[in-house]
Amino acid sequence: MPDGHHDPPGDPRILGAPAAFSPAVDAEVGQVARHLHTSEPATPTGSTSKRGGLGVVFWIAAGWVGLTVLLALLAPFLPLQSPTFQDYSVVNLGPSTHHLLGTDDLGRDMLSRIIWGSRDSLVISIVSVVVGMLIGGSAAMVAGYWGRKVDAVLNAASFVVLAFPPLLFILAVEAFWKPPLKSIELWKLVVMFTVVAAPQLFRVMRASTLAVSNREFVVAARSMGASTWRILTREILPNVLPAALSFALIGIALAVIIEGALAFLGLSVALPTPTLGNLINEAAQIYNLKANPTAALWPSLYIFFLVVGLNLMGDRLRSTFDVREGNL
Amino acid sequence: MSPKADGQLRFPDVADLNGPILEVENLTTHFQSDRGLVRAVDGVSFTLDRGRTLGVVGESGSGKTVLSRSVMGLLQGNRVVKGGTVRYAGHEISALSPAELRQVWAVQIAMVFQDPMTALNPVVRIGRQVTEGLRIRLGLDRKAATETAVALLESVGIPSPAARLRNYPHELSGGMRQRVMIAIALACGPKLLLADEPTTGLDVTVQAQILDLLGEQQQERSMAMILVTHDLGVVANRTDEIAVMYAGKIVEKAPTTELFAHTRMPYTEALLRSIPRLTDPSHMRLRAIPGRPPDLVNPPAGCRFAPRCPYVQEQCRQAEPPLRNAGPGHQFACWFPVGSSEGEQALAYNLHHKVPAALAFTGTRADNALAAVPPEPTPTGDGEVAS
Amino acid sequence: MWSYLGKRLAQLVVIAFVISILVFLLVHLLPGDPTVTILGPSDTHQARQELLKQLGLDKPLYEQYFIWLWNILQGNLGQSFLTHETVASAVGHAAPIDIELIIGSQLVAVLVAVPLALLAALRPNRAFDRSATTTTFGLLSFPSYVAGVLMVDAFAVGIHLFPASGFTPITQSLTQNLRGVTMPIIALTLGSVAIYFRLLRADLIATLQEDFVTMARAKGLSTRYILTRHALRPSSFALLAGAGISIGSLLTGTFVIEYYFNMAGMAATLVDAIQQRDYLVVQGLALIISVAYVIINMVVDFLLTLLDPRIRRA
């Protein structure tokens, strides 16, 4: 994922996702792979995890993420003040029964702004990762299964793209490409995020597909003359699906962070439409921090718990289906 | 972490030692696993006199490697359940703390590990791996340690030893690596050497060289040695005594010549027969022991070898045979021992009833055994067996 | 060894070439007219055409590219057509900030993560390991800008311990410099600590199962010696690779923090240039950042070969 949040995506020891090799690692796969696969999965909850089910942690995380998404979807129907309604009689209030999370410097309701603000963040993050997964994932299945030329070409292409810092790309596009209509702006961001996500997802999915397509049952199906389409959909897809889901969840978490970073810089959806990132940005201006030190806290916590929830889901999913076995 | 000055252990000079250098009594080592308790070593006793060599023989999974590590006290952690006592030169080392044990290791007891490829640190030069023990344990300075290391490498037959100190393990051949490992084990002048499968994975000619080297070093230093192997052929000419292990227990123990001359335990017999001989026809199939060692979480009731034993009778599946004496220093655990009339009867009975283990075991003996319908055998009593 | 380095260098040249094309195309194919920026939206068509000619923007795209490339090869990265500051001088002002933030944060991250990982791996799944593992999992979900805001909230607004913004060059005042970079560095460190801890812990746990560690114990060496002199190095390959990725992504990742703390680093300068359509500066800076990114990866690859003597043979 891009650079707003600097972590090697999908390393099993970091978030439990199967190793996505960076160019640096990839060059020495032979030597490093051993170290990547002998490691015990680093789960946040350690040995309390149970084999079999996804565990309590997963369902708590899923419940939280589900609630967040639901609130965002239902925002127009919730008994919330308009997020842009200004009431100068209640400026910079702390939490109260009227305003559960207090108000900002223009007297707008923080809870409403956060829930409305999560809408654009979630649309951008989820849509771009899902589309990126459809593009990158299917390309990866084709590349991983067919191997040879298709693989070599796609693989080389993904390397070149990944050598280019993604934040640079986003910033450049953001600045030079001003869509004429404001309503398109959201979809411009979705497109940019998709372009960044697809090659990353391609790389991690390619490793998973490679591992699966060399397994006995695939070789057996192939030798029995099953059609390629059938092998891809019936044999390989079900086996890479848990991994794909796990990558997607962690990818969405990263996208939320990066969208937040862009919004923080004022480069995401334009004000006064709230997003999680520009909420933090507004509240974090020194004059606001001085007047209302807690206003920055709520959107920060909201992002944090959303991302923790997504990461936990991805991590538990991976350790349950243990995608670890021989990524390469 | 460093041992206190007053916690310093004192060991008698081995030359002054009365009695055995090592006494192992009812040693057990179990591991807690997800499936249950793994009884890797289950009540093993033996003694070893100074300067003598004991061979411990068994298939992989018989617990022989765990035994050697338990004797040394190397197995630590909350999943290890230990029992029994190990006494080294009068000290009960099984009761020592990890910090105290460190005083014993290398200087008193040292170990040669199975696979030098994995037991030598791949990213540390040979030089440091040999000298670090000398410097830290014996307090030698850099120069003295290096000189000693060169002498050590030379004594284990490594050509141009000074140059080798700069090498990494992967730059040496398998045989050379094993020599380095032996040099490391010998570095601090141990009085007892545990060699755990020291020749596995080496060429046959190199195997002999390494074993000869161990023998020479043992002679020169009058060390005691425990030689752990799966190959009875390896220990045949190089040990004073042999203990045969099966499923965590010693099933037969005897002075080497006695063991080969008067094998009692069917498992020992099977091991002996699995050694290829020069006199065998060149394309003869190896007589491997059919079946696998038992599950150490749920070992079979009765004799643990029963499921694979050609002599097996109902009695063997019911009751575990105790270790019994058969002449000076010779002990075995079997109800129908090899070479006894009960044993012959049991085998004949099994052949007649076409017990698979018995049929697989005999090639030529089957014909005469089948000549007459044998009576059902009865086990030997608890007394000594006439040989 | 030398052939290995040579091969890597050749790769670098090819990748840098590809990146230069990408950077060039990115800037030139996107809509937006530099003449509007310079002359304002109301100027005449003719004035624009003249300016285009003056800037060389009327030539075919490939020609513009080769002129740009040729200049770079001669050491001329171009200059701003707005301020006429050369790209090289802009880099000279901006780069020290990034270098200090990146080196500082990564140094702190390693100094914190390595001892934590050593302690955790020594007794896996015990209380210390559990709490460290859980904490770092939380840190991974903690964006640097959130950390920055909360710190400013607490330490700059609350108790005036550190300045909320600005960068003082180290040559001017060391203490002012350190006071200024403390919070940005901590904000950037948190995520790296989590990554380094988790990478090293997992590999250490695996390494401590290895035979050579048992062998080192059998030599009677102390636990501390074994951890630091035997287990650490063979457990650091993934850590090093992770550091490469981390540093690489910080080249642009510091931007969010630089923006908030009002420090004009490379990425901040780049974004300014982007917003002003100062396309030559954009091209120059983007190229430098991308190539630095690739170089860091290659340096890491090279360090990996030093760390693991087994690679050198290949």
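The values are calculated or read from the model by the stated rules, or taken from the named source; none is laboratory data. Computed from a predicted structure; not experimentally measured. Methodologically, a virtual Cβ is constructed for each residue, glycine included, from the backbone with ideal geometry; neighbour enumeration extends over all protein chains shown. Just so you know, the surface numbers come from the protein's heavy atoms only, side chains and all, with ligands and any DNA or RNA stripped out. Shrake-Rupley method; radii C 1.70, N 1.55, O 1.52, S 1.80 Å.
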Inset, instruction - Answer yes or no: is there a residue in the range B:134-146 that is over 11 Å from residue B:180 (Cβ atoms), at pLDDT below 95 and in contact with a Phe, Trp or Tyr (Cβ under 8 Å, 6 or more places away or on another chain). - result: yes
Inset, instruction - Identify the residue in the range C:72-89 that is closer than 13 Å to residue C:287 by Cα and in a helix (DSSP H, G or I) and, among all such residues, is most open to solvent (accessible area, probe 1.4 Å). - result: C:73
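Select from the range B:99-113 the residues that are open to solvent by 20 Å² or more (accessible area, probe 1.4 Å) and more than 9 Å from chain C (Cβ to nearest Cβ) and write down the one among them that is modelled with the lowest pLDDT.
If we filter the range B:99-113 for residues that are open to solvent by 20 Å² or more (accessible area, probe 1.4 Å), which is where we start, we get B:99-100, B:102-103, B:107-108.
Going one step further and asking which of them are more than 9 Å from chain C (Cβ to nearest Cβ), we end up with B:100, B:108.
On the way: B:100: 90, B:108: 93.
Within the range B:99-113, the match that is modelled with the lowest pLDDT is B:100.
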Legend entry - Residue that is farthest from residue B:244 (Cα to Cα) [pool: residues in the range B:21-38 that are open to solvent by 80 Å² or more (accessible area, probe 1.4 Å) and in a strand (DSSP E or B)]: B:32
Inset, instruction - Would you check if there is a residue in the range C:218-234 being more than 7 Å from every other protein chain (Cβ to nearest Cβ) and modelled with pLDDT under 90? - result: no
Legend entry - Long-range neighbours under 7 Å by Cβ, at least six apart or interchain, first residue at the interface with chain A (Cβ under 7 Å from one of its Cβ atoms) within the range C:133-152, second of a type in the set (Asp, Glu): C:140/A:7
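Identify, please: which residue in the range C:273-293 is at the interface with chain A (Cβ under 8 Å from one of its Cβ atoms) and open to solvent by 10 Å² or more (accessible area, probe 1.4 Å) and is, among those, nearest to residue C:17 (Cα to Cα)? Spell out the reasoning first.
Looking only at the range C:273-293, we keep the residues that are at the interface with chain A (Cβ under 8 Å from one of its Cβ atoms), and these are C:274-275, C:277, C:282, C:286, C:289-290, C:293.
Narrowing further to those that are open to solvent by 10 Å² or more (accessible area, probe 1.4 Å): C:275, C:277, C:293.
Values: C:275: 26, C:277: 23, C:293: 14 Å.
Ranking the qualifying residues of the range C:273-293, first place goes to C:293.
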Inset, instruction - Return yes or no: is residue B:128 in a helix (DSSP H, G or I), over 16 Å from residue B:182 (Cβ atoms), at the interface with chain C (Cβ under 7 Å from one of its Cβ atoms) and among the basic types (Lys, Arg)? - result: no
Legend entry - Qualifying residues in the range C:236-248 (those that are without any contact (Cβ under 8 Å) to a residue 60 or more places away in the chain and open to solvent by less than 10 Å² (accessible area, probe 1.4 Å)) - the one nearest to residue B:107 (Cα to Cα): C:238
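Considering only the range B:132-144, state which residues are within 13 Å of chain C (Cβ to nearest Cβ) and either free of Cβ contacts under 8 Å to residues at least 24 places away in the same chain or closer than 19 Å to residue B:196 by Cα (or both). Write out each step before concluding.
Applying the first criterion (within 13 Å of chain C (Cβ to nearest Cβ)) to the range B:132-144 yields B:132-139.
Of everything in the range B:132-144, those that are within 13 Å of chain C (Cβ to nearest Cβ) and either free of Cβ contacts under 8 Å to residues at least 24 places away in the same chain or closer than 19 Å to residue B:196 by Cα (or both) turn out to be B:132, B:135, B:136, B:139.
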Inset, instruction - Might you let me know whether the range C:216-237 holds any residue that is under 28 Å from the mean Cα position of the chain (by Cα) and more than 25 Å from residue B:136 (Cβ to Cβ)? - result: yes
Inset, instruction - Mind listing whichever residues of the range C:143-160 are open to solvent by 50 Å² or more (accessible area, probe 1.4 Å) and closer than 28 Å to residue C:195 by Cα? - result: C:155
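Got a sec? Which of B:306, B:333, B:254 is small (Gly, Ala, Ser), surrounded by 13 or more Cβ atoms within 10 Å (Cβ to Cβ), touching a Gly at 6+ places or on another chain (Cβ under 8 Å) and modelled with pLDDT of 90 or more? Lay out the reasoning, then the answer.
Values: B:306 fails: touching a Gly at 6+ places or on another chain (Cβ under 8 Å); B:333 fails: touching a Gly at 6+ places or on another chain (Cβ under 8 Å).
Answer to the check: B:254.
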